[in-house]
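The values are calculated or read from the model by the stated rules, or taken from the named source; none is laboratory data. This is a predicted model, so every value here is computed, not measured. Using ideal geometry, Cβ is built from the backbone for each residue, glycine included, and neighbour counts are taken over all protein chains shown.
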Amino acid sequence: MSTKRERMVIIGSGPAGFTAALYAARANLNPLVIEGSLMNERGEIPGGQLMTTTDVENYPGFPDGLSGPEMMDKFRDQAKRFGARMVQEDVEHVELGNHPFKLRTSEGTEYETLSVIIATGARAKKLDPKGGDTYWQKGISACAVCDGALPLFREKPLVVIGGGDTAMEEASFLAKYGSKVYVVHRRDEFRASAIMQERVLKNPKTEVVWNSNLVEVEGDGNLLKKVTVESTVDGSRRTIEAAGLFYAIGHIPNTDFLKDQIETNETGYIVLKDGQQTSVKGVFAAGDVHDFRYRQAVTAAGAGCAAALDAEHFLGGLEHEQPQLFETLVES
């Protein structure tokens, strides 16, 4: 099997990957985007987490809002318009120890590339209560900042699952919109910082449900209506009326395929060195694969733009220093 040669390969899609592709394509870098396959092991759809988001109302330039899949279609089409190429495969193996870098996909396609942008994102940790699959994105979400201000949650009782800083932030945010916010935690104390706990514990619109696990969700088939929690102390159950359920138990960055070839932090997020540069020169990262703090479409898109600009600068220097690579490696 012959090896395909590229200037730039973008691994992943979503706001970060497609924005990187747009900027790289406009810079005449002829980028290849390996979007991810429709049949991957994680059950994820190319296009990132927005592909399972019904309404996006906080992205600038869309005052009336639009669905996540519709937004990603627009991102993708715009990148393609300027010449970005797309393949729906998964990158299963990378060799980043030598340059040019080598990649192999789930379809057995092999690539050599002068630069790589990793935009594989992260996936939300979810629980598996009875009925959970039915009401995912029909009242159940993993991002209060993304979804909490939607009309279906306003002035309604809401539930947050978690006990860390993220759970406290999401509960405080939701208290601005919901009629009441229940914070369900499996222990008898939070892991969150003292100041974040105080904001929740002193908020008159929040109530903490200690020592409890989520066991079941119910609704009318279209929208969530109530959740059931079970005590870790005596096994008793309590049903809470709720229009929204928000998981705030963390995310998992999609970095397993890198096999420790790039520096990551203790939870697997890629560590950036200078701009969007990773620990490997010529390899850049953008979006939720490194951003464990903001995790928004607009920040991911901004990081994708920055990664493409950094990669363009890297390739410009490389072409000046080693012009033979562009003559012998890059296909026209």
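Annotations for the structure displayed:
- Verdict on Asp260 being closer than 27 Å to Glu110 by Cα and touching a residue at least 12 places away in the same chain (Cβ under 8 Å): no
- Exclusive hit being β-branched (Val, Ile, Thr) and within 30 Å of Asp220 (Cβ to Cβ), set Ile118, Ile45: Ile45
- In a residue-by-residue description of the stretch 25-47, the property of being closer than 22 Å to Leu309 by Cβ, out of contact with any Ser or Thr (no Cβ under 9 Å at 6 or more places or on another chain) and charged (D, E, K, R) applies to at least one position.
- Search result, residues across the stretch 297-313 that are touching a residue at least 60 places away in the same chain (Cβ under 8 Å) and either of a type in the set (Asp, Glu) or not in a helix (DSSP H, G or I) (or both): Glu312
- Sole residue being farther than 18 Å from Pro31 by Cβ, surrounded by 15 or more Cβ atoms within 10 Å (Cβ to Cβ) and among the acidic types (Asp, Glu), chosen from Asp288, Asp260: Asp288
- Count of residues meeting criterion [touching a Ser or Thr at 6+ places or on another chain (Cβ under 8 Å) and not in a loop (DSSP other than H, G, I, E, B)] in the stretch 208-237: 15
- Only residues that are assigned to a strand (DSSP E or B) and either in contact (Cβ under 8 Å) with a residue 40 or more places away in the chain or over 18 Å from Gly132 (Cβ atoms) (or both) were counted across the stretch 238-257, and they come to 9.
- Residues that are surrounded by fewer than 17 Cβ atoms within 10 Å (Cβ to Cβ) and β-branched (Val, Ile, Thr) within the stretch 47-83 comprise Thr52, Thr54, listed in sequence order.
- Lone qualifier among Phe284, Phe292 - being assigned to a strand (DSSP E or B) and aromatic (Phe, Trp, Tyr): Phe284
- Met86 assigned to a helix (DSSP H, G or I), buried (at least 16 other Cβ atoms within 10 Å of the Cβ) and aliphatic (A, V, I, L, M): no
- The residues of the stretch 89-114 that are touching a Pro at 6+ places or on another chain (Cβ under 8 Å) and surrounded by fewer than 20 Cβ atoms within 10 Å (Cβ to Cβ) amount to a single one, Glu112.
- When we screen Glu169, Glu198 for residues that are free of Cβ contacts under 8 Å to residues at least 12 places away in the same chain, assigned to a helix (DSSP H, G or I) and surrounded by fewer than 21 Cβ atoms within 10 Å (Cβ to Cβ), the only hit is Glu198.
- Each residue in the stretch 23-44 was checked for being surrounded by 21 or more Cβ atoms within 10 Å (Cβ to Cβ) and at pLDDT below 80, and 0 pass.
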